[in-house]
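Q: This structure is in structure tokens; I'll ask about it shortly.
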Protein chains: 2
Amino acid sequence: MANFAERLFEAVEKKKSPLCVGLDPRIGKIPECIKEQAIETASGDMLAATAEALYRFNTAIIEAVADVVPVIKPNIAFYEKFGPLGFEAYIKTVKSAMDAGLVVLGDVKRGDIGSTSGSYANEFLGKVGLIDGSKFSLFDGAIDAITVNAYFGTDSTEPFLGFCSPEYGKGAFLLCKTSNPSSEDIQDVFTSEDMTVCEVVAELIDAWGEKYVGSNGYSSVAAVVGATSDMQEALRKRMPKTPFLVPGYGAQGGGAGGVVPSFDENGMGAVVNSSRNVIFAYEKLMDGDKPKYAPEQFADAAREAAIASTRDIVGALKKYKKDNIFR
Amino acid sequence: MANFAERLFEAVEKKKSPLCVGLDPRIGKIPECIKEQAIETASGDMLAATAEALYRFNTAIIEAVADVVPVIKPNIAFYEKFGPLGFEAYIKTVKSAMDAGLVVLGDVKRGDIGSTSGSYANEFLGKVGLIDGSKFSLFDGAIDAITVNAYFGTDSTEPFLGFCSPEYGKGAFLLCKTSNPSSEDIQDVFTSEDMTVCEVVAELIDAWGEKYVGSNGYSSVAAVVGATSDMQEALRKRMPKTPFLVPGYGAQGGGAGGVVPSFDENGMGAVVNSSRNVIFAYEKLMDGDKPKYAPEQFADAAREAAIASTRDIVGALKKYKKDNIFR
């Protein structure tokens, strides 16, 4: 399997877009047409219908954006809350995204002490041993990389990093500086070395990734760095080999100009996530003072929003990064 | 619903034990007799049989220890790796533990930005909205508290803390100082205020818990503090109102004397977790140079180990804490 960082940025170049679409479906925002079909399919079992609606919504979004964006990121929190059926919808969503040729980031934010992290790593990226000693792959290799909470330190991230080797070709995105306002509470605390906690984490991440650098100079060990942070430039310097996943663009308030510092001089090195603004674009896109799309056209609206977001970000990169890959 | 911290320490007093049994079943260590029954029940479907074996093993352990320990803590990593069926085994395990009268800590270590943490909080502690607007409770209230990763800061922990109010009576255990050796990488970094990162987290946790203090002086907002850490005393001082969950006693190397600093002067304020050393005690307990228990007696062995661990910890508390609740 090719190095994850190589696959990631090849996909970015091929699609001419550094956009990651966050598949975080909120049941209240899923159009009625999908809900009606799902309830019928599930014969009125409302829990099964909910899971079915998530999956139907997702596959329509995936189909609509697959040729214009490189990466998709379903956040498991929006699925597992519906129990085993929700988990099944997550697995099916991930497999649909893989089948559509997308790079799939499993946004699961797992992390525990070493041996337990090993369970999570095997669950999402590898295989687990069953009762008879046989091996079982829950995701059939469909997840390319997952997000990981690194608060536990080195021994807890090792099981995830193990999958970043060429044998497996997976990636891990470690939380460094998150996009929420309260990320300052812990992540921005100054240390006695005159750097912030997220910078300490950044140095760990870059060091952890050293062994997994691909031919493009980037490691398969990546970092989550919020678009809302003025730390992006400092963190980019501390993590020169580390791909960034940049959440917080769009609905969380960060503009396209704000994400530029996460990219390198060639416009490489980062993918920018947008969730609500893409998948629920049908609620927002206007044609004059009327909605441009009917709810049942949600997938077309998502496609337009994905293209517009790409144009927005690439435009900012062209403005600030002279010789970028998007020219 | 009574305040979680009150329920927690009432259970400790009633059982005369501060022991929490970690239900982290490793399929390779589950006795053959359980495996054979599970394979038969699952008609040879090895994935279903694996989930069935976890559940059968767990219910036997729960039955064996329910009258001698107050708290049980199943770590979801050991279940969800088997997919939806594993998740189902987790839910059934939790409900069995509730039915046996145990305080149930869901060791899930979740955490995300605010709105997404809300999904996790509703999943484990509350109810989620379905497609038709009806409410669905995945755990039927069987989980009393969960573990939470606080790296995101205040706005990400709020959805969990909301369930600590009297209306819900739940608890949240926030990761402060974990028991793994590499916890030093981030958690022991010195800040410019001359305290460590885990002490910064400790002050946040104690402040978050202020609103949720019960009649016993303890909050339903609790902390995870490893037995392997020499920070316990300092953290106890910084978090006088915060119950501690102390992992790392036993298999991870911490002895009973080592956990004493996590308790207050009355021997209250902490529960000590032991996983492998209790649930797989059948492999270790010896009668002279022969195993004391056959594999099929694993539940009896677990009970003996739980009683011995309680005696060990209570003995240390009696030695160091003069007027403790265990006298």
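The values are calculated or read from the model by the stated rules, or taken from the named source; none is laboratory data. Owing to the predicted nature of the structure, the values given are computational and were not obtained by experimental measurement. Neighbour counts run over all protein chains shown; Cβ positions are idealised from the backbone, glycine included.
Q: Restricting to the stretch A:155-201, count the residues that are within 13 Å of another protein chain (Cβ to nearest Cβ), part of a helix (DSSP H, G or I) and closer than 25 Å to A:A145 by Cα.
A: Result for the stretch A:155-201: 14.
Q: Just name the residue that is nearest to A:T41 (Cα to Cα) out of those in the stretch A:76-92 that are outside any helix (DSSP H, G or I) and either of a type in the set (A, V, I, L, M, F, W, C) or more than 14 Å from every other protein chain (Cβ to nearest Cβ) (or both).
A: Filtering first and then ranking leaves A:F82.
Q: Same structure, new question: For the stretch A:93-151, how many residues are surrounded by fewer than 21 Cβ atoms within 10 Å (Cβ to Cβ), within 7 Å of chain B (Cβ to nearest Cβ) and assigned to a loop (DSSP other than H, G, I, E, B)?
A: 3
Q: Looking at (1) closer than 25 Å to A:E158 by Cβ; (2) at pLDDT below 95; (3) at the interface with chain A (Cβ under 10 Å from one of its Cβ atoms), which is the one condition that is false for B:S229?
A: Of the numbered conditions (1) closer than 25 Å to A:E158 by Cβ; (2) at pLDDT below 95; (3) at the interface with chain A (Cβ under 10 Å from one of its Cβ atoms), the odd one out for B:S229 is (3).
Q: OK, next. Go through the stretch A:185-205 and give me each residue that's surrounded by fewer than 18 Cβ atoms within 10 Å (Cβ to Cβ) and not hydroxyl-bearing (S, T, Y).
A: Those that are surrounded by fewer than 18 Cβ atoms within 10 Å (Cβ to Cβ) and not hydroxyl-bearing (S, T, Y): A:D188, A:F190, A:E193, A:D194, A:M195, A:E203.
Q: Could you tell me whether A:V246 is at pLDDT 95 or above, touching a helix residue (DSSP H, G or I) at 6+ places or on another chain (Cβ under 8 Å) and surrounded by 24 or more Cβ atoms within 10 Å (Cβ to Cβ)?
A: Yes: the conditions hold for A:V246.
Q: From A:Y249, A:Y293, grab the single residue that is under 30 Å from A:A60 (Cβ atoms), free of Cβ contacts under 8 Å to residues at least 24 places away in the same chain and of a type in the set (F, W, Y).
A: Result: A:Y293 is the single residue among A:Y249, A:Y293 that is under 30 Å from A:A60 (Cβ atoms), free of Cβ contacts under 8 Å to residues at least 24 places away in the same chain and of a type in the set (F, W, Y).
Q: Which of the residues belonging to the stretch B:41-75 are of a type in the set (S, T, N, Q), surrounded by fewer than 21 Cβ atoms within 10 Å (Cβ to Cβ) and part of a helix (DSSP H, G or I)?
A: Within the stretch B:41-75, B:T41, B:T59 qualify.
Q: Same structure, new question: Do the conditions hold for B:E40, that is, is it acidic (D, E), more than 9 Å from chain A (Cβ to nearest Cβ) and closer than 20 Å to B:K170 by Cβ?
A: Criteria not met by B:E40.
Q: Which condition number does B:K211 fail, the rest of (1) in a loop (DSSP other than H, G, I, E, B); (2) charged (D, E, K, R); (3) more than 14 Å from chain A (Cβ to nearest Cβ); (4) without any contact (Cβ under 8 Å) to a residue 60 or more places away in the chain being met?
A: (1)
Q: Which pairs have Cβ atoms under 9 Å, sit 6 or more apart or on different chains, and link a residue in the stretch B:72-100 that is closer than 19 Å to B:G28 by Cβ and in contact (Cβ under 8 Å) with a residue 60 or more places away in the chain to one that is assigned to a helix (DSSP H, G or I) and among the aliphatic types (A, V, I, L, M)?
A: The qualifying pairs are B:T93/B:L54; B:T93/B:I62.
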